[in-house]
Amino acid sequence: MSFPKIGVIGGGQLARMMAPEALNLGFELHVLAEGPEVSAARSVPDAPIGDYKDLETLRTFAQGKDVVTFDHEHVPNDFLTTLINEGVNIQPRPAALIHAQDKLVMREAIERLGLPNPAWAKVEDVQQLIDFGDQTGWPIVLKTPRGGYDGKGVRMLDNEQDAKEAADWFANGPLLAEDKVDFSRELSAMVARTPSGEAKAWPVVHTIQVDGVCDEVIAPAQDLDQATAAAAAQAALLIANEFGVTGVMAAELFETPDQGAGFVINELAMRPHNTGHWTMNGSVTSQFEQHLRAVLDLPLGETSELGVTVMKNYLGGANEDLYSAFSAALAAAPEVKVHAYGKSVRPGRKIGHVNVVANAGQSVDELRSQANKVAALIRDGVDAEH
């Protein structure tokens with residue numbers, strides 16, 4: 001009996017967290033790693049080192065794989081098209097990936113679907129940027145269409161002078177200008193879809209960002225209007241179906257109560273996503289198992305939550321010897337589940353997260369306190385609960 005061989009391009013923590021799910025299902029997981037020190041290279045037996053921007057490297061890696069998928073969205077689309085034409089099963093396809101790779105393409109497509117967009121424009125020089133700000137009203141947001149993540153490639157502009165000072169951003173071509181949305185909180189609507197068209201959504205979650213980086217997730221989002229939650233999930237499913245997404249997709253949203261649909265779409269990710277890490281302990285089916293099922297065109301798993309869940313990231317901090325803090329961290333809250341990414345510690349670098357699922361009667365504040373306590377112990381080596 002032959003089980004499938006899955007190739008993952010990129011060796012970050014997302015690929016690493018696919019590994020135990022593949023092992024449980026009997027799948028062979030192979031990772032194209034950027035270097036021997038990356039997260040997945042330490043946990044996947046077959047993790048050759050190679051450059052994902054080199055076609056011959058991709059071609060060699062894809063040989064013998066039943067499906068090739070991704071840890072990130074940065075592989076050149078023309079290379080993926082070439083591989084598909086040579087018979088490689090790539091999931092998701094380049095036509096879907098482009099909406100996560102290029103924010104201008106994404107905005108145009110969301111507008112075509114009639115889904116909630118902020119006011120936006122493609123701007124090619126400072127004068128067009130100023131004109132947009134004057135028309136829409138300051139402040140505005142300037143984004144690089146490609147390559148930005150975790151707050152990188154994003155600049156807030158309060159006035160015309162700020163726009164003039166951003167002139168160097170146009171060196172590589174047109175940019176995306178957006179209205180700065182007045183929102184109450186950030187949300188994420190995650191779905192998964194198979195090549196044959198089966199699709200399922202997880203509950204919409206509340207995401208808390210710090211300096212442009214996801215810090216906490218509360219699942220499901222508390223006190224979210226039911227009509228808004230349903231519309232957000234349906235919007236994500238519509239995007240997945242219309243764009244031909246396969247695997248997991250996250251639609252990051254701004255909640256705008258009493259305005260339009262109650263939300264606008266911020267960004268898309270065509271892969272497992274930080275806002276879905278809560279599913280590892282808080283959902284019947286984790287996003288990583290679901291992604292593997294989806295790209296292999298297997299029936300999708302149940303997506304309901306097992307209880308209110310809080311996910312808390314921990315970034316690199318004062319404690320370089322993470323394991324030295326595990327005894328205290330695990331003792332502080334035994335119900336909290338710790339996930340470490342096997343990365344070296346660097347200030348501000350995502351190196352792990354914790355999940356905690358509510359017991360009967362526990363409040364969200366209690367869950368957040370427990371998650372923060374454990375994350376702080378690991379990060380700082382001290383009890384820095386706040």
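Out of (i) 1.05; (ii) 1.13; (iii) 0.99, which label holds the value of Cα Rg over 2.2 N^0.38 Å that was computed here?
(iii)
Between Glu86 and Arg368, 0.36 nm times their residue separation minus their Cα-Cα distance comes to what?
96.6 nm
Under a 10 Å cutoff between Cα atoms, tell me which one of Gln135, Gln287, Gln234 has the largest fluctuation in the Gaussian network model of the chain.
Result: Gln135 has the largest fluctuation of those listed.
For segment 3-137, with the dipole built from +1 on Lys and Arg beta-carbon atoms and -1 on Asp and Glu ones, taken about the Cα centre, which of Leu104, Ile9, Ile130 lies farthest toward the positive end?
Going by the charge dipole, the pick is Ile9.
Calculate for the chain the 222 nm mean residue ellipticity that helices alone would give, adding -39,500 (n - 2.57) per DSSP H run of length 4 or more and normalising by residue count, nearest 500 deg cm²/dmol.
Details: 12 runs with 120 residues, N = 386.
Value at 222 nm, helices only, nearest 500: -9000 deg cm²/dmol.
When every alpha-carbon pair in segment 1-127 is counted, what percent end up more than 24 Å apart?
Here the long-distance tail beyond 24 Å is 37 percent of all Cα pairs in segment 1-127.
Please state the Cα pair-distance histogram of segment 266-347 with 5 angstrom bins from zero: what percent is in each bin?
Percent of Cα pairs in each bin: 3, 12, 18, 19, 18, 14, 9, 5, 1.
Give me the dipole magnitude in Debye, nearest 20, for the chain about the Cα centre, with unit charges on the beta carbon: positive for Lys and Arg, negative for Asp and Glu.
For this selection, approximately 960 debye.
Tell me, what is the Rg over Rh of segment 63-210, with Rh the Kirkwood radius over Cα pairs?
On the way: Rg = 18.1 Å, Rh = 17.7 Å.
Dividing the radius of gyration by the Kirkwood radius yields 1.02.
Report the gain in length on full extension from Glu108 to Asp182: 0.36 nm times residue separation, minus Cα-Cα distance, nm rounded to one decimal.
24.5 nm
Please report, in Å, the Rg and the Dmax of segment 182-288, where both are computed over Cα atoms only.
Every Cα atom of segment 182-288 included, Rg and Dmax give 12.9, 39 Å.
Using unit Cβ charges (K, R positive; D, E negative) and no other charged atoms, how large, in debye to the nearest 20, is the dipole of segment 95-137 about its Cα centre?
240
Measure off 7 Å from each Cα along the Cα-to-Cβ vector at Ala227 and Glu165, then give the distance between these two points in nanometres to one decimal.
In this crude label model, Ala227 to Glu165 measures out at 4.3 nm.
Quick check: pseudo-label points 7 Å beyond the Cα along Cα→Cβ at Asp297 and Ser196, how many nm apart are they?
In this crude spin-label approximation the distance works out to 0.8 nm.
No lab work stands behind these numbers, since they all come straight from the coordinates. Model, not experiment: these values are computed from the prediction. Note that we place each Cβ from the backbone using ideal geometry, even for glycine, and neighbour counts take in every protein chain shown.
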